[in-house]
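First comes the structure, then the notes that go with it.
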Amino acid sequence: MTARRLAPEHQFTIGLLILTGSTGAIDAVSYLALDRVFTGNMTGNVLFLGFGLVGIGGIPFLNNAIALIGFIVGSIVSGRIIGRNRPKGLPVSSRWVLGTGAAIIVFLAVFWLTVGTLAHIELLIVTGLLAVVMGAQVSAVKPIGNSDVTTIVVTNTVANLARDSRLAGGKGEKWLSRLGAVVAMGVGAAIGAAAVHWSGGPAALVAAAIIFSLGTLTLVWATRRHREHQRHAEA
């Protein structure tokens with residue numbers, strides 16, 4: 001089935017799944033190469049902060065705090081830029097936010113490659129900026145209105161998948177997109193981890209930026225198709 005024949009709603013889902021994969025890749029980089037910190041999955045960071053508060057050894061408290069703050073700042077700023085009550089799709093403001101995010105990821109990869117081993121302050125800067133990008137991404141895709149593929153976390157998705165399954169007495173609705181989100185996160189994490197293992201953090205960030213950009217372009221295309229359908233329906 002070609003992209004033109006695919007319904008816009010399905011194209012939106014595919015774009016969100018690709019962005020979910022990019023989150024898995026970026027979190028693999030941040031956890032494996034930036035000292036045990038997540039820049040997309042804030043649940044993990046909140047847990048790490050709790051562990052650090054009671055003195056559990058080996059938990060980088062400051063790194064996780066920086067990531068949490070960066071994520072919040074990114075989401076707030078992006079939310080202000082994009083605004084509320086947007087029509088379904090990816091508005092121009094969201095495209096700018098996601099495009100800027102992809103550019104920041106590439107810039108960080110180049111910076112990391114240039115300096116080699118990151119000093120502590122440099123590590124915090126990279127961590128904070130990646131978290132800003134991840135937080136901004138959440139607000140940027142909000143107008144699409146798909147609560148099953150949030151692009152940054154799959155805990156609720158797994159819960160909904162199990163709760164609404166036929167085994168639980170449900171109708172098995174939306175199982176494909178929900179399962180796809182879980183798989184996309186895992187595949188993205190595997191790609192990121194493999195890139196870190198074989199080529200290092202900078203190369204893994206480049207791979208994540210490519211996935212991130214592909215997801216953004218898919219959402220832009222889906223928005224155009226959605227508006228074409230609306231114009232035809234109104235004609």
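For the stretch 51-72, how many residues are closer than 23 Å to L118 by Cα and in a helix (DSSP H, G or I)?
Of the residues in that region, 12 qualify.
Looking only at residues in the stretch 1-42 that are modelled with pLDDT under 90 and farther than 28 Å from H226 by Cα, which one is surrounded by the most Cβ atoms within 10 Å (Cβ to Cβ)?
So the residue we want is D35.
Checking R163 against (1) modelled with pLDDT under 85; (2) within 20 Å of I105 (Cβ to Cβ), which single condition isn't satisfied?
Answer for R163: the failing condition is (2).
Would you kindly identify the helices (runs of 4 or more DSSP H) lying entirely within the stretch 75-169 that contain at least 2 residues that are in contact (Cβ under 8 Å) with a residue 40 or more places away in the chain and not hydrophobic (A, V, I, L, M, F, W, C)?
Hits in the stretch 75-169: 92-115, 120-140.
Output yes when any residue across the stretch 145-161 is among the aliphatic types (A, V, I, L, M) and farther than 23 Å from G44 by Cβ, and no when none is.
No.
Which residue, of A194, A159, is in contact with a helix residue (DSSP H, G or I) (Cβ under 9 Å, 6 or more places away or on another chain) and surrounded by fewer than 16 Cβ atoms within 10 Å (Cβ to Cβ)?
A194
Mind listing whichever residues of the stretch 49-102 are touching a helix residue (DSSP H, G or I) at 6+ places or on another chain (Cβ under 6 Å), among the small types (G, A, S) and over 30 Å from T223 (Cα atoms)?
Passing the criteria: G52, A67.
Test A189 against the stated conditions and say whether it is closer than 25 Å to A109 by Cα and in contact with an Asp or Glu (Cβ under 8 Å, 6 or more places away or on another chain).
Considered against the rule, which asks whether it is closer than 25 Å to A109 by Cα and in contact with an Asp or Glu (Cβ under 8 Å, 6 or more places away or on another chain), A189 comes out as yes.
If a residue must be surrounded by 15 or more Cβ atoms within 10 Å (Cβ to Cβ) and among the β-branched types (V, I, T), how many such residues does the stretch 70-91 contain?
Residues in the stretch 70-91 being surrounded by 15 or more Cβ atoms within 10 Å (Cβ to Cβ) and among the β-branched types (V, I, T): 4 in total.
The values are calculated or read from the model by the stated rules, or taken from the named source; none is laboratory data. What you are looking at is a predicted structure, and each value in this text was computed from that prediction instead of being measured. Cβ atoms come from the backbone with ideal geometry, glycine included; neighbour counts cover every protein chain shown.
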